[in-house]
Amino acid sequence: MLTDELVDLSRLQFAVTAMYHFLFVPLTLGLAFILVIMEACYVLTGRQVYKDMTQFWGKLFGINFALGVTTGITMEFQFGTNWAYYSHYVGDIFGAPLAIEGLMAFFLESTFIGLFFFGWDRLSRGKHLLVTFLMALGSNLSALWILIANGWMQDPVGSVFSDVTMRMELVDFWAVVFNPTAQAKFVHTVSAGYVTASVFVLAISSYYLLKGRDLDFARRSFRVAAAFGFASACSVIVLGDESGYTVTASQQTKLAAMEGMWQTLPAPAPFTLFALPDDEARQNRYALEIPWVMGLIGTRSLSQEIPGIREIEAQNRERIASGAVAVQALAVLRSREASEQAKAQARIPFEAHKADLGFGLLLQRYTSDYSQVTPDLIAQAARDTIPKVAPMFWSFRLMVLLGFAFFALFGLALYFSLKNSFMQKTWLLRWALWFLPTPWLACELGWFVAEYGRQPWTIYGVLPTHLSVSSLTPASLYGSLGGFVGFYTLLLGVEMYLMIKFARLGPACLGSGRYGASAAPSGALARPVDI
Amino acid sequence: MLDYMTLKLIWWVLVGVLLVGFVIMDGHDMGVGTLLPFVGRSDPERRVVINTVGPHWDGNQVWFITAGGAIFAAWPLVYATAFSGFYWAMLAVLWSLFFRPVGFDYRSKISDPRWRSTWDWGLFIGGAVPPLIFGVAFGNLLQGVPFHFDDNLRSTYTGTFWALLNPFALLCGLLSTAMITAHGGHYLMLRSEGTVYQRARRAAMGFAGLALVCFVAGGLWVQLLPGHVITIAASPNALPDPLAKTVALVPGAWLDNFRQAPVLWGVPGLGIGALALGFAMALLNRPGSAFVASALAMTGVIGTAGVALFPFILPSSTDPSSGLTAWDAVSSHFTLGLMLGATLIFMPLVVLYTSWAYRVMAGKVTLEFIRQHDRSAY
């Protein structure tokens with residue numbers, strides 16, 4: 001029996017483990033390329049400081065990477081352990097990018113990370129740089145394939161339902177790969193990773209500059225982060241807008257919820273800058289709107305309307321009623337007792353209503369006996385298709401706000417880098433340092449909007465979350481969730497301890513004698529500042 | 001494009017290849033992890049042991065992840081049913097694997113002996129528990145797993161975690177742990193010298209002998225178990241539907257495939273012969289040959305289980321006709337073809353650059369090396 005308790009616990013466990021995993025992923029994605037840039041500087045100039053930078057930031061990269069690997073395996077296991085019906089129902093499509101991710105990306109990344117750490121004495125400079133690049137390429141390719149898989153969950157293209165195998169089957173692989181939703185998500189997500197890593201390097205370099213130590217090392221690191229970060233922040237905003245555009249076609253519900261658009265407004269719709277969305281009354285209080293902007297971002301036209309929540313829900317009511325017919329016909333087709341003649345008769349309504357099958361399945365949360373379905377029940381199931389607006393609305397706005405703050409930070413950091421005066425701008429260095437946790441916040445908010453906004457579906461319009469879970473007992477879920485939370489809290493404590501320890505030690509931890517207290521004072525000394 | 005039945009057969013072989021790849025590659029670093037607290041008695045010795053696999057364990061672990069992904073893509077029903085049914089066993093594997101990345105990377109970053117010793121035992125758990133559970137899982141496959149499907153192919157598992165730990169399954173678990181630990185011992189001989197080498201050699205010989213005894217005992221035992229036989233079969237070319245067949249239980253039927261094609265006895269023969277050869281080569285101080293022998297031995301042992309079960313992958317004890325086979329638990333014709341293409345492109349590349357990585361890092365890890373690389377080595 002799939003109780004709401006079981007479904008909620010399964011969701012909570014997935015959310016906890018996925019969001020935890022994503023504490024480590026963005027830094028891996030971005031820092032890998034920052035290492036490539038630093039090492040390329042070393043290969044081109046032959047200056048030791050760039051090699052030291054690659055090794056020191058590489059050490060922090062390794063501490064982070066270990067937990068990325070640890071928590072990543074959980075994600076692969078969990079589709080099978082906790083989402084067994086999902087795995088059966090869409091494994092034909094969803095499994096492929098996951099397997100290709102292993103073959104094409106994980107092997108590359110994980111084989112070369114070993115050589116990155118241990119190959120310094122055994123490889124020529126050029127070869128080692130190639131190794132670092134392949135490691136970065138591997139980690140970014142893995143993001144590509146997992147976002148292709150995730151993009152398909154948001155926008156299930158290239159596949160059809162088969163009643164014989166009782167699952168979705170792949171018919172067009174390239175449609176899945178070049179799914180615009182997936183591609184926009186990929187570039188937005190990796191850019192977010194680049195921003196995260198840039199803030200990380202910028203913040204820790206600022207710490208050294210404020211402390212007045214390892215100045216040459218910190219200055220060069222700061223510059224690399226400022227330039228890379230500025231490019232990434234531009235990209236994350238432009239491509240975030242791109243995913244806003246694609247979301248209108250494939251996921252109108254998500255867009256309506258994150259913008260608090262309760263009804264369809266005449267085009268071009270206004271953008272709500274501020275409001276208190278009220279999920280009970282289904283309206284916004286104290287809304288502050290900017291005319292035209294939403295219509296322009298969402299549709300890139302002045303005449304196209306963006307559907308609001310009430311209209312979407314009304315549409316979904318019809319689709320649920322139609323889907324209920326498909327579900328009933330499918331039960332006859334799947335029955336081991338039904339006669340061939342009965343099956344032939346059921347085939348006709350099934351084919352006619354097949355497109356709404358997923359919507360019909362939404363009713364399973366309330367009843368398995370579809371002869372009992374009432375208009376009230378259909379209305380209830382249709383209400384379920386709208387995620388709660390207030391958390392979507394605010395998460396999205398906070399993420400966007402942070403995005404623009406990164407743009408400003410990196411814009412100024414780059415400007416003062418070019419003017420070579422950032423060392424004296426203690427306000428900028430402090431800002432960078434105190435901003436250290438914010439890119440993680442922005443990343444998690446982004447995932448929250450994307451995945452919470454997809455509810456009540458695991459596969460949008462195809463498979464309700466309620467049906468996707470494994471047939472486990474809530475007791476098992478309490479046990480495993482407790483285990484994950486316990487393990488992860490412990491591991492996070494250990495990771496943070498090492499990360500802070502080595503960040504504080506700075507490049508002196510390489511033991512070369514060139515840095516820290518044992519090093520000769522380097523030129524242009526800034527005044528140490530208390531922070 | 002290949003016909004559906006051929007592709008299904010190829011994928012049965014390919015999943016086998018990936019599993020064998022996993023035990024050869026990740027198996028040797030798991031074996032090294034299991035042996036770590038015993039062959040390394042001092043901190044520098046333990047660092048020698050860890051650094052023999054330091055640059056490679058991460059890439060090796062991808063064999064495991066890719067095998068999981070390939071089962072997801074090629075046999076989604078097996079992935080769904082096995083992972084959710086063996087819920088606590090899978091979590092035990094997962095949680096023991098947690099110790100590996102952090103154990104390897106964090107252990108030597110702090111010099112406190114308690115810190116290091118804690119992670120050493122973590123690496124031991126991460127090395128010993130997964131092979132044990134995989135063996136136990138195979139032991140349960142041969143006895144049937146208590147699950148059934150409803151009309152919509154939702155699986156329900158009706159067993160418990162503790163029921164998995166029955167005598168036959170524990171024997172298989174012991175076999176799997178012993179052969180993987182022996183494999184780790186052989187690898188360690190290749191990459192170390194002095195006392196570590198000698199201890200690794202003794203361990204490799206002991207565990208190879210133990211694996212041999214367990215394998216033979218398991219072979220005798222399996223004749224007493226009820227095997228699953230398909231009585232009414234759907235065409236292997238048909239669209240996969242695990243509910244379309246009927247299955248009967250016949251004592252000793254797991255040996256039917258060997259009886260019908262006696263050449264297949266060569267597979268368990270390889271297992272026995274290569275385990276013995278691995279023992280002998282370790283005795284003769286020939287670590288290279290010993291490592292190859294233990295790789296072949298594991299191929300033989302896993303192959304034996306696969307051939308015995310064929311075409312079954314996941315037999316059901318409570319509703320035998322729900323049992324999953326290589327014909328009816330598979331992905332669509334299109335997906336199998338696509339994934340075969342992807343494997344043919346990427347697998348040779350992986351083998352190529354993995355070999356290069358091993359070549360770059362070749363040679364013995366010595367105490368001297370640890371002294372010189374105190375800050376950068378694991």
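The values are calculated or read from the model by the stated rules, or taken from the named source; none is laboratory data. Note that the structure is predicted; figures quoted are calculated from it, not measured. No Cβ is skipped: glycine too gets one built from the backbone with ideal geometry, and neighbour counts run over all protein chains shown.
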So, in segment A:106-152, how many residues would count as being within 23 Å of A:F178 (Cα to Cα) and more than 9 Å from chain B (Cβ to nearest Cβ)?
17
State yes or no: is A:L402 free of Cβ contacts under 8 Å to residues at least 60 places away in the same chain and part of a helix (DSSP H, G or I)?
yes
Identify all residues within segment B:192-207 that are farther than 15 Å from B:M30 by Cα and either surrounded by fewer than 23 Cβ atoms within 10 Å (Cβ to Cβ) or of a type in the set (G, A, S) (or both); write none if there are none.
B:S192, B:E193, B:G194, B:T195, B:Y197, B:Q198, B:R199, B:R201, B:R202, B:M205, B:G206
Please go through segment A:66-79 and give me each residue that is in contact (Cβ under 8 Å) with a residue 24 or more places away in the chain and closer than 20 Å to A:H466 by Cα, ordered by number.
A:M75, A:Q78
Hey, does segment B:334-357 have a residue that's surrounded by 19 or more Cβ atoms within 10 Å (Cβ to Cβ), more than 11 Å from every other protein chain (Cβ to nearest Cβ) and in contact with a Lys or Arg (Cβ under 9 Å, 6 or more places away or on another chain)?
no
Quick one: how many residues across segment A:98-133 are in contact with a helix residue (DSSP H, G or I) (Cβ under 7 Å, 6 or more places away or on another chain) and assigned to a loop (DSSP other than H, G, I, E, B)?
4
Would you please list the contacts, defined by Cβ atoms under 8 Å and residues six or more apart or on different chains, that run from a residue in segment B:153-182 that is within 14 Å of chain A (Cβ to nearest Cβ) to a residue that is among the charged types (D, E, K, R) and surrounded by 20 or more Cβ atoms within 10 Å (Cβ to Cβ)?
B:L153/A:R167
Quick one: is A:K127 surrounded by fewer than 24 Cβ atoms within 10 Å (Cβ to Cβ), within 18 Å of B:L349 (Cβ to Cβ) and basic (K, R)?
yes
So which of B:S235, B:S176 ends up being at pLDDT below 95 and hydroxyl-bearing (S, T, Y)?
B:S235
Of all residues being of a type in the set (V, I, T) and assigned to a loop (DSSP other than H, G, I, E, B) in segment B:350-378, which is nearest to B:M189 (Cα to Cα)? Just the residue, please.
B:V365
Can you find even one residue in segment A:227-237 that is at pLDDT below 85, more than 30 Å from A:H353 (Cβ to Cβ) and hydroxyl-bearing (S, T, Y)?
no
Kindly establish whether B:F104 is of a type outside the set (V, I, T), buried (at least 20 other Cβ atoms within 10 Å of the Cβ) and more than 8 Å from chain A (Cβ to nearest Cβ).
no
Tell me, which helices (runs of 4 or more DSSP H) wholly within segment B:12-94 include 1 or more residues that are at the interface with another protein chain (Cβ under 9 Å from one of its Cβ atoms) and either closer than 30 Å to A:Q13 by Cβ or in contact with a Cys (Cβ under 6 Å, 6 or more places away or on another chain) (or both)?
B:57-74, B:76-85
Taking the stated definitions as given, is B:A377 within 12 Å of another protein chain (Cβ to nearest Cβ), in contact (Cβ under 8 Å) with a residue 24 or more places away in the chain and under 24 Å from A:D92 (Cβ atoms)?
no
Among (1) under 19 Å from the mean Cα position of the chain (by Cα); (2) more than 13 Å from every other protein chain (Cβ to nearest Cβ), the one test that B:A282 misses:
(1)
